[in-house]
Amino acid sequence: MDFQLMIDSIPQLLEGAWMTVKLVALALALGICLAIPLALARVSKNPFLWMPVYGFIFVFRGTPLLVQIFIVYYGLGQSEAVRESIFWPFFKEAYWCAIFTFTLNTSAYTAEILRGAIQAVPHGEVEAARALGMPRLLMLRRVVVPRAFRLALPAYGNEIILMLKGSALASTITLLDLTGVARVIVARTFAPYELFIMAAIMYLALTLLIVRALKYAEWRLSPHLRPPRHSK
Amino acid sequence: MTEDENPPPPNGGSALAVEDLHKSFGKLEVLKGVSASAEEGDVVSIIGASGSGKSTMLRCINLLETPDSGRIWVGGELIRMKQAGRRGLVPESQRQVDRIRSTVGMVFQSFNLWTHMTVMQNLVEAPIHVLKLPKVEAHERAESLLQRVGLIDKRDHYPAHLSGGQQQRAAIARALAMEPQLMLFDEPTSALDPELVGEVLKVIRDIAEEGRTMMIVTHEMAFAREVSSKVIFLHDGLVEEEGPPEQLFNAPSSERCRQFLAAGEY
Ligand SMILES: Nc1ncnc2c1ncn2[C@@H]1O[C@H](COP(=O)(O)OP(=O)(O)OP(=O)(O)O)[C@@H](O)[C@H]1O
Ligand SMILES: [Mg+2]
């Protein structure tokens, strides 16, 4: 094992890791913004709302992320309409293709997680809101969604970690994320073992950070599950 | 169904009137034409065997269940409903339903406090967001209510940290914070340990004494007898007997009511 190579590769790998963090963070942030309305549409009784969302979720959960990336990156560029549209500067870039795909992918999974959580909000609490005269949107905003977020957090934490690992596929469309950088160095040095071990360690470190952050978030969001403070 | 915008309730019932309510769940016909009324300041108790339709009737009043047919007036205002094919009645205006609900407080058997909010947050939520009360005023109102139900020292606690009796008192305060013209109670003490029943009944008695119109589904016969101005005995989806408590408890005219009271299995 070439320890010197491993140490020398750290600065470059860190740059790759930074790219990974940017990709995942942006996709997750956009994804959850999209997932909230999707989940609300998904639990609606109106078929014009829930059926398209059902289809969207079905497609994104039912196909490999790699295939989705290829379709966006290679496929969209083939279409005359896309190349002449105002979106072309955007879809021309591998970076935005990856963000776009990851966002849609994670929003589909997150919408499904939120749907489960929304349906798990105790019926009586929803009924109490209705009985007080809350209009539907207000009730969703003030009671159902905040309550569902807390219920969804453990499953959503899992989705974050899956997204982090899935983001390695960005390297297949030329992006220099953590995996991409490792592959480039391997091609130059023929030392796959050393480089991928280093990449794995960095992924583990990122996962550890996420797990810690989630633990903290869960703690912050559930004062109602902790024993009361006795100061007052 | 008349096209008249707001016909007055037929047989009095200035605070509440329901007329010929029918409601089925699938094949099970739960309400078979229930009529009842309450004048302002009335305390009406509803008693009857399990499954006789007491909760269903109460839940129809604020449209937590939509009746299949029948009419409902709250404070003299008819809740407008229209026939929607095979689904039975649907409200004509959700705005009207929401507005009426905001004037009708409901207390549930299982409290149904919002568990992610403190007691105080539970109390100010609807006044601020539904009634658009200024925050300061909502908090003042909530504090004086918490004082009344004896929970002021629990204002920053979460429901999970309260006893059942405390939770129910908080839930009553939450309903009162809307200053409702009518209060509905669905077996408010049935989920409580026996030693906690008293503290909740005391709060309800207190509200009754200040002259608020109330309708209470209860199995606490002694309590019903003491606080009610009128008692309704429901049997099998119909009003079998109604009258002042002395009459209904001491000399019921219906054989079924007599049996129900004698059996003591409520
Ligand atoms: N949402 C529902 N779907 C199907 N059946 C229902 C529903 N709600 C009530 N029922 C049935 O309707 C009947 C009357 O119910 P209801 O809750 O009104 O009775 P109740 O008089 O309040 O009884 P209890 O004293 O046990 O609370 C029962 O047989 C019940 O199972
Ligand atoms: Mg009941």
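The values are calculated or read from the model by the stated rules, or taken from the named source; none is laboratory data. It should be emphasised that the depicted structure is a prediction, and the values quoted were computed from it without experimental measurement. FYI the Cβ positions are ideal-geometry reconstructions off the backbone, even for glycines, and counts take in every protein chain you see.
Observations, loosely collected:
So that you can scan it fast, the table gives a plain yes or no per residue for (1) in contact with a Pro (Cβ under 6 Å, 6 or more places away or on another chain); (2) at pLDDT 95 or above; (3) more than 9 Å from chain A (Cβ to nearest Cβ); (4) farther than 29 Å from B:SER45 by Cα:
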residue: B:LEU123; (1), (2), (3), (4): no, yes, yes, no
residue: B:ILE128; (1), (2), (3), (4): no, yes, yes, yes
residue: B:LEU133; (1), (2), (3), (4): yes, yes, yes, yes
residue: B:GLN147; (1), (2), (3), (4): no, yes, yes, no
residue: B:LEU151; (1), (2), (3), (4): no, yes, yes, no
residue: B:GLN166; (1), (2), (3), (4): no, yes, yes, no
residue: B:MET178; (1), (2), (3), (4): no, yes, no, no
residue: B:PRO188; (1), (2), (3), (4): no, yes, yes, no
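- Hey, B:GLU199 more than 15 Å from B:LEU58 (Cβ to Cβ), more than 17 Å from the chain's Cα centre (by Cα), away from ligand 2 (no atom under 16 Å from the Cβ) and in a helix (DSSP H, G or I) or not: yes
Residue by residue, here is whether (1) surrounded by 23 or more Cβ atoms within 10 Å (Cβ to Cβ); (2) within 13 Å of chain A (Cβ to nearest Cβ); (3) more than 28 Å from B:LYS27 (Cβ to Cβ) holds:
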site: B:PRO67; (1), (2), (3): yes, no, no
site: B:GLY88; (1), (2), (3): no, no, no
site: B:GLN96; (1), (2), (3): no, yes, yes
site: B:THR103; (1), (2), (3): no, yes, yes
site: B:GLN109; (1), (2), (3): no, yes, no
site: B:MET117; (1), (2), (3): no, yes, yes
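- Odd one out for B:GLY48, checked against (1) surrounded by 21 or more Cβ atoms within 10 Å (Cβ to Cβ); (2) within 16 Å of ligand 2 (Cβ to nearest atom); (3) away from chain A (no Cβ under 14 Å); (4) at negative phi: (4)
- Members of the range B:21-62 found to be more than 9 Å from ligand 1 (Cβ to nearest atom), outside any strand (DSSP E or B) and within 25 Å of B:PHE249 (Cβ to Cβ), listed by number: B:GLU39, B:GLU40, B:GLY41, B:ASP42, B:ILE61
- Test: residue in the range B:67-83 that is within 14 Å of ligand 1 (Cβ to nearest atom) and either under 18 Å from B:ASP236 (Cβ atoms) or of a type in the set (Val, Ile, Thr) (or both): yes
- Checked against the criterion of being within 13 Å of another protein chain (Cβ to nearest Cβ) and part of a helix (DSSP H, G or I), the candidates B:ARG141, B:ARG174 yield just one match: B:ARG174.
- Residue within the range A:154-176 that is β-branched (Val, Ile, Thr), over 24 Å from A:LEU28 (Cβ atoms) and surrounded by 15 or more Cβ atoms within 10 Å (Cβ to Cβ) present: no
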